[in-house]
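J.: Below is the structure I would like to discuss, written out as structure tokens.
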Amino acid sequence: MILRKMFIIPSFEIHGGVKGLFDLGPPACALKAAMVDAWRKHFVLTESMLEMECTCLTPEVVLKTSGHVDRFTDLMVKDPVSGECFRADKLLEDAIDELIEANPDMPVEEREEHMRIQIQADAFSPAELDEQLTKYGCKAPSGEPYGASFPFNLMFKTSIGPEGTSVGYLRPETAQGLFVNFRRLLDANSQKMPFAAAQIGLGFRNEIAPRSGLLRVREFCMAEIEHFVNPNDKSHPNFASVAGKELVLFGRDDQLGSGKTKTVTVGDAVSSGLVNNETLAYFMARTQLFMERIGMDPERLRFRQHLTTEMAHYACDCWDLEIQSSYGWVECVGHADRACYDLDVHGKATKTPMVATLKLDEAMEVEMAKLKFDRKALGKTFKADQRVVSGALEALAENWADFEPIATALETEGKTTVDGFEITKDMVTWKKTTKKVHEIKFTPSVIEPSFGMGRILYSLLEHSFYQRDADEQRCVMRFKPAVAPQKCAVLPISSGDEVNAVVDEIAAELMDSDLATRVDKSTASLGRRYSRADEVGVPFAVTVDFDTLTDGSVTLRERDSTIQIRLPKADVTRVVFDFVHNRLTWEEAVKKYPTVSVKED
């Protein structure tokens, strides 16, 4: 039905298509727009975030600095005969699925051990992954063992300008545009911390083996939030509003142990240390609420914590919102405490201070180091970089806690490394001292919720689909009114001019109120036209009948119950508008207006 009703279609289909590229047809295009609008209202407007739209084309220096050029990779293996490429961790995951499925009587302990290996599939080193592929007997389509796994960079490389000398990439994420604009965003927020910036846009990844429909594609829509916060205070002012919200959590200890999830309130998750801090937990709860708001089944949502082997060295804690679908549990939203890494690396690479200021109510004494440099020794060793080295040491000296490891290393070993430069004891002397400060400068930490809107859209299609009375001919999309591609259908009971004039009048009023409307004047039976609307998820249908011409009333049908009420046509727009904006429920409408019995043929 998804293809027949043109929700999603393969790109360039008549030319044979391209793996990992899909087009959204009219229903899915409208559904995605409504989802994005709901996301913007739920996060950007409610949280007073600063929204940006940055370019998709990114210079190499930016992604080199962020680490993407060197480390944005998946492990790949090749069929030694055909040369066909495969993503190695997915081969292992599939092999374990097949093994478990083929052995339904497998002992629980053995099954859990296989599943623990499966969970760690994308965290193995090349040598470890090769060992596991051999252990599980993974063979290439040619029947030969796969070649050794090796990293493959997932970014699309291009050149900027006609000379071809300036290397660029299509961005693999939207975040970097927000990080490099941090100082301007801080100014736009009147230097107030904490604050959040957001961006909705396209990302591009040259997937090794695209599959699973919209779940693994090469071009996709992302919605990302970068919440900048003091690393020493990751509380959230609105945390109390979500502290009682229950989430299904799959912590790393449970993944490697019992294999079972826990239902925990957000407040308890933070107080117990399961979730690292309030801000991270706050956004996890807000994500859960968003998913429920757009119509996702709460029973098929969980948060999985990254294993230690999965996390970047700088990350404090990471949780993925996973949605269960026919493809299993699929990561759709990442929640990461990225610490100060991103602003640090861009600041150091560009010699731009990526710092915020905390003004103190009262002056306080802080311990620091007073430095004295041997400029001759510095100049001899570092030449043009001596100011860079001295600046890095002076920045660390502002806080004794930061400088103390440097001092200890110089005292005990006679040398240490700072920002890639080897410093020896003869280059600098220091004295521990104190000073009064009225403000503290710091590099903000970043809490990042990152939404894969394509994956969410596909999951919503699955969660919304059902068959009425188990009849394969009566398919329904159970979209919530707020995100339904079309909010209301308007149908004439006959093809008479008088009836059609009223249909056009009602449809015009609905569309004047920004309510997307479907008009079906075809000669199909009324029941068939209801079914057509149900298939694309239209939640309400107005029918103009012969009574309309005499008393000005129409019927309004609700999609899932198929119950109809009769109301004045003058009330239709207001009632549908209130449904869409959650100001009125169907149960309330049924109490207000009389129901009518209609047999749907």
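J.: Please compute, over every Cα-Cα pair in region 344-443, the percentage with a separation greater than 20 angstrom.
T.: 42
J.: Right, here's the next one. With respect to the cross-link table entries Lys90/Lys139; Lys90/Lys135; Lys348/Lys370; Lys383/Lys441, which display a Cα-Cα separation exceeding 19 Å? Before the final figure, lay out each step's value.
T.: Numbers: Lys90/Lys139 13 Å; Lys90/Lys135 15 Å; Lys348/Lys370 22 Å; Lys383/Lys441 29 Å.
Listed pairs above 19 Å: Lys348/Lys370; Lys383/Lys441.
J.: Give the distance, in whole Å, between the Cα centre of region 109-135 and the Cα centre of region 383-449.
T.: If you average the Cα positions of each part, the centres end up 41 Å apart.
J.: Please enumerate, by chain and number, the aspartates and glutamates with C-alpha under 12 Å from the C-alpha of Lys435, excluding those fewer than 8 residues away in the same chain.
T.: Glu365, Glu367, Glu398
J.: Mind putting a number on the dipole of the chain about its Cα centre? Charges go on the C-beta only, +1 for Lys and Arg and -1 for Asp and Glu, and I need it in Debye to the nearest 20.
T.: Using Cβ point charges on Lys, Arg, Asp and Glu, the chain gives about 1520 debye.
J.: Can you spot the aspartates and glutamates whose alpha carbon is less than 20 Å from Lys376's alpha carbon? Ignore those fewer than 8 places along the same chain.
T.: Those aspartates and glutamates meeting the cut-off are Asp385, Glu394, Glu422, Asp426.
J.: I've got another one for you. Rounded to the nearest 500, what is the chain's calculated 222 nm mean residue ellipticity when only DSSP H runs of at least 4 contribute -39500 (n - 2.57) each, over all residues? Working shown, then result.
T.: Numbers: 21 runs with 207 residues, N = 601.
It lands at -10000 deg cm²/dmol.
J.: Find the relative contact order for the chain and round it to a whole percent, using C-alpha pairs within less than 8 Å whose residues are 6+ positions apart. Intermediate results must be reported in sequence, preceding the final value.
T.: Values: 1045 pairs, mean separation 71.4, N = 601.
12 percent.
J.: Here's a follow-up. Give me the orientation-averaged projected area of the Cα convex hull of region 99-140, in nm², one decimal. Can you show the working numbers first?
T.: Details: hull surface 13.5 nm².
Directional mean of the projected Cα hull area for region 99-140 stands at 3.4 nm².
J.: Still on this structure, I have one more. Over region 63-186, what is the mean sequence separation of C-alpha contacts under 8 Å (at least six apart), divided by residue count, expressed as relative contact order in percent? The partial results should precede the final answer.
T.: Details: 132 pairs, mean separation 39.5, N = 124.
Answer for region 63-186 is 32 percent.
J.: Size of the dipole of region 465-579 about the Cα centre, Lys and Arg at +1 and Asp and Glu at -1 on the beta carbon, nothing else charged, in debye to 20?
T.: Numbers: 15 positive and 20 negative charges, 85 e Å.
Roughly 400 debye, rounded to the nearest 20.
J.: Taking 35 Å as R0, compute the FRET efficiency from the Cβ-Cβ separation of Thr429 and Asp233 and round it to 0.05. All intermediate terms of the calculation are to be shown ahead of the outcome.
T.: On the way: r = 34 Å, r/R0 = 0.98.
The calculated FRET efficiency here is 0.55.
J.: Using a 1.4 Å probe, what is the accessible area per residue for the chain, in Å²? Before the final figure, lay out the partial values.
T.: Numbers: 29360 Å² over 601 residues.
Result: 49 Å² of accessible area for each residue.
J.: For region 74-152, what Kirkwood radius comes out of the mean inverse Cα-Cα distance, in Å? Please report the intermediate quantities before stating the final value.
T.: On the way: mean 1/r = 0.0778 Å⁻¹.
By the Kirkwood definition, the hydrodynamic radius is 12.9 Å.
J.: If each residue of separation counts as 0.36 nm, what is the full-extension length gain between Phe156 and Phe12 once their alpha-carbon separation is subtracted? Spell out each step's value before the answer.
T.: Details: separation 144, 0.36 × 144 = 51.84 nm, distance 1.96 nm.
Extra length from Phe156 to Phe12 when fully extended: 49.9 nm.
J.: Using mean Cβ contacts within 10 Å as the protection proxy, how do 82-88, 416-422 order, highest first?
T.: On the way: 82-88: 16.9, 416-422: 13.7.
Peptide ranking by packing, descending: 82-88, 416-422.
J.: To the nearest 0.05, what FRET efficiency results for Ser258 and Ser125 with a Förster distance of 35 Å applied to their C-beta separation? Provide the component values of the computation, followed by the final result.
T.: Working: r = 27 Å, r/R0 = 0.76.
With a Förster radius of 35 Å, E is 0.85.
J.: On to the next question. Where q = 0.16, 0.22 Å⁻¹, what log10 of I(q)/I(0) comes from the Debye formula for region 414-540, counting one point per Cα?
T.: The Cα Debye sum returns log10 ratios of -0.96, -1.28.
J.: Given a cut-off of 25 Å, what percent of all Cα-Cα pairs of region 486-596 lie beyond it?
T.: Looking at region 486-596, the distances longer than 25 Å represent 10 percent of pairs.
J.: Next up: When you have a sec, figure out the Kirkwood radius of the chain from all distinct Cα pair distances and drop it here in Å to one decimal?
T.: Working: mean 1/r = 0.0356 Å⁻¹.
About 28.1 Å for the chain.
J.: Still on this structure: Under a plain spin-label model, where a point goes 7 Å from the Cα along Cα-to-Cβ, how far apart in nm are Val167 and Thr408?
T.: 3.9
J.: Sum up the charges of everything whose Cβ sits under 13 Å from the Cβ of Thr434, counting Lys and Arg as +1 and Asp and Glu as -1, but leave Thr434 out.
T.: Values: positive: Lys370, Lys431, Lys432, Lys435, Lys436; negative: Glu365, Glu367, Glu398.
For residues surrounding Thr434, the net value is +2.
J.: Next up: When we measure straight from the Cα of Lys487, which lysines land under 20 angstrom away, once same-chain ones fewer than 8 places off are left out?
T.: Candidates past the 8-residue exclusion: Lys5, Lys32, Lys41, Lys521, Lys569.
J.: Now a separate question. In whole percent, and with a 1.4 Å probe on the protein chains, what portion of the accessible area of the chain is carbon and sulfur? Kindly include the intermediate steps, with their values, before the conclusion.
T.: Working: 14860 of 29360 Å².
C and S atoms contribute 51 percent here.
J.: Can you pull out the GluC sites (Glu not before Pro) in region 128-167 whose DSSP state is coil and whose Cβ has at most 15 other Cβ atoms within 10 Å? Present the calculation step by step, with values, prior to reporting the outcome.
T.: Details: sites: Glu128, Glu131, Glu163; in loops: Glu163.
Passing both the DSSP loop test and the Cβ count: Glu163.
The values are calculated or read from the model by the stated rules, or taken from the named source; none is laboratory data. On a predicted model such as this, the values are computed, not experimentally measured, just so you know. Note that each Cβ is placed from the backbone with ideal geometry, even for glycine, and that neighbours are counted across all protein chains shown. These accessible areas exclude ligands, DNA and RNA; they are computed on the full protein's heavy atoms, side chains included. Shrake-Rupley method; radii C 1.70, N 1.55, O 1.52, S 1.80 Å.
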